[in-house]
């Protein structure tokens, strides 16, 4: 288990490094007002594609995902903004999972060892793995780290996708709603985005959806 914690720490450092290098620049540039103006000016009818693309590269650059989601809400309203935000967040999670599952296994084994990888497989194939994935989506840094770790230890794909959706859907719609509502009730949206993922995952688990996973 210690080696698995080490692997988690290494992934977290890799995710944090871009924030340390470029974080201040992106934070200054990516205010909600600037993001909305950029989507409307350079995106036109394709602003949704730019928003989704920004959410996808969040894996590599310190993109402020919640700002992008809120900007999509301003431009498209809470419904379509939520749809596009969810697609971008889901895509980012699947990209991290897929890259690490297909290309990072050897590096993961080198860092965590065989025992560490087996501990990770046991963790993410069990009941706790889905909770970790779903809840991680509304925490800073954790979405990328958890998705990468899930891919490295080859968490069952169907379980990962549904747990990912349980986190991404409420998060995407909540922040799109914040954008459309002019940020009048951000506390309520944050509470919903934090509480709905575990509720959704609990419902999924209660249905024994993964009995054959």
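The values are calculated or read from the model by the stated rules, or taken from the named source; none is laboratory data. A quick note: this is a predicted structure, and the numbers were derived from the prediction, not measured. Virtual Cβ from ideal backbone geometry, glycine too; neighbours counted across all protein chains shown.
Quick notes
- Being farther than 19 Å from residue 7 by Cβ and either touching a helix residue (DSSP H, G or I) at 6+ places or on another chain (Cβ under 7 Å) or in a helix (DSSP H, G or I) (or both) is a property that does not hold for residue 113.
- Selected residue (criterion: farthest from the chain's Cα centre (by Cα)) from residues of segment 1-54 that are surrounded by fewer than 16 Cβ atoms within 10 Å (Cβ to Cβ) and not in a helix (DSSP H, G or I): 1
- Helices (runs of 4 or more DSSP H) fully within segment 122-213 counting 3 or more residues that are under 22 Å from residue 12 (Cβ atoms) and at pLDDT 80 or above: 127-136, 142-152, 157-180
- Condition check for residue 154: surrounded by fewer than 24 Cβ atoms within 10 Å (Cβ to Cβ) and farther than 26 Å from residue 19 by Cα: yes
- Check on residue 82, buried (at least 24 other Cβ atoms within 10 Å of the Cβ), over 13 Å from the mean Cα position of the chain (by Cα) and touching a residue at least 12 places away in the same chain (Cβ under 8 Å): yes
- Listed by first and then second residue, the pairs linking a residue in segment 1-21 that is without any contact (Cβ under 8 Å) to a residue 40 or more places away in the chain to a residue that is assigned to a helix (DSSP H, G or I), with Cβ atoms under 7 Å apart and 6 or more places separating them unless they lie on different chains, form an empty list.
- Tally, over segment 85-110, of residues that are in a helix (DSSP H, G or I) and either over 13 Å from the mean Cα position of the chain (by Cα) or at positive phi (or both): 12
- Unique match (being buried (at least 18 other Cβ atoms within 10 Å of the Cβ), touching a residue at least 60 places away in the same chain (Cβ under 8 Å) and under 22 Å from residue 145 (Cβ atoms)) among 113, 120: 120
- Test result for residue 37, touching a residue at least 24 places away in the same chain (Cβ under 8 Å) and more than 19 Å from residue 95 (Cβ to Cβ): no
- Some residue of segment 95-114 being out of contact with any strand residue (DSSP E or B) (no Cβ under 9 Å at 6 or more places or on another chain) and farther than 22 Å from residue 13 by Cα: no
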